[in-house]
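All remarks here apply to the structure that follows.
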C-alpha cells in the first residue's frame, strides 16, 4: 500500500482519467467533497455536514469515524490520518492521508 494526501479544496473532475491510481484518489476526494443528501437514491453517501456545527474539539473527534464511513464507497482507500485547520474565514481545511491498495501483495 502507498500513502497519499487528499484535501477538501475543490478542483475539476477529470472524467477521462485512465490511470487507476489517479482515478482512485479522485474518487476518494470526490467522496470527501460530496455532502450527505446530495446523491439521489443514496442519501447516506457523502460527508455529514452537521459535524461543522460542533465545537472544533468535538469536530476533530468525530471526523475520523465519519471519514471511514464515507470512504467505504471506495474500497481501495483506507483513512490513516486526518488533520484539520480553521481558516481565517471560518471554514475548515481538511487534509486526509489515505492508504491506497495497489493490488499487490506485501511480502513478509
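Nothing in this text is a laboratory measurement; each read-out follows from the coordinates by a stated rule. Everything quoted here is computed from the prediction, not taken from an experiment. With ideal geometry, Cβ positions are generated from the backbone for all residues, glycine too; neighbour counts draw on all protein chains shown.
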Open item on the list: For a Förster distance of 35 Å, can you work out the FRET efficiency between the beta-carbons of residue 23 and residue 87, rounded to the nearest 0.05?
Closed with: 0.75
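Suppose we take every Cα in the chain and form the convex hull; what volume per residue is that in Å³?
Details: hull volume 13.3 nm³, N = 108.
So the per-residue hull volume is 123 Å³.
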TODO: Evaluate E = 1/(1 + (r/R0)^6) for residue 60 and residue 80, where r is the Cβ-Cβ distance and R0 equals 22 Å; express this FRET efficiency to the nearest 0.05.
DONE: 0.90
Open item on the list: So if I take the centroid of the Cα atoms in region 39-105 and the same for region 1-16, what is the distance between those two points in Å?
Closed with: 13 Å
Open item on the list: Assuming 0.36 nm per residue, please report the length gained on full extension of the stretch residue 68 to residue 30 beyond their Cα-Cα distance.
Closed with: 12.3 nm
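Tally the DSSP beta bridges in region 2-100 and give the antiparallel ones as a percent, rounded to 5.
On the way: 15 of 16 bridges.
Once the DSSP bridges in region 2-100 are tallied, antiparallel ones form about 95 percent.
Summing -39500 (n - 2.57) over the DSSP H runs of n ≥ 4 in the chain and dividing by its residue number, what mean residue ellipticity at 222 nm do you reach, to the nearest 500 deg cm²/dmol? Walk me through the numbers on the way to the answer.
Details: 2 runs with 29 residues, N = 108.
It lands at -8500 deg cm²/dmol.
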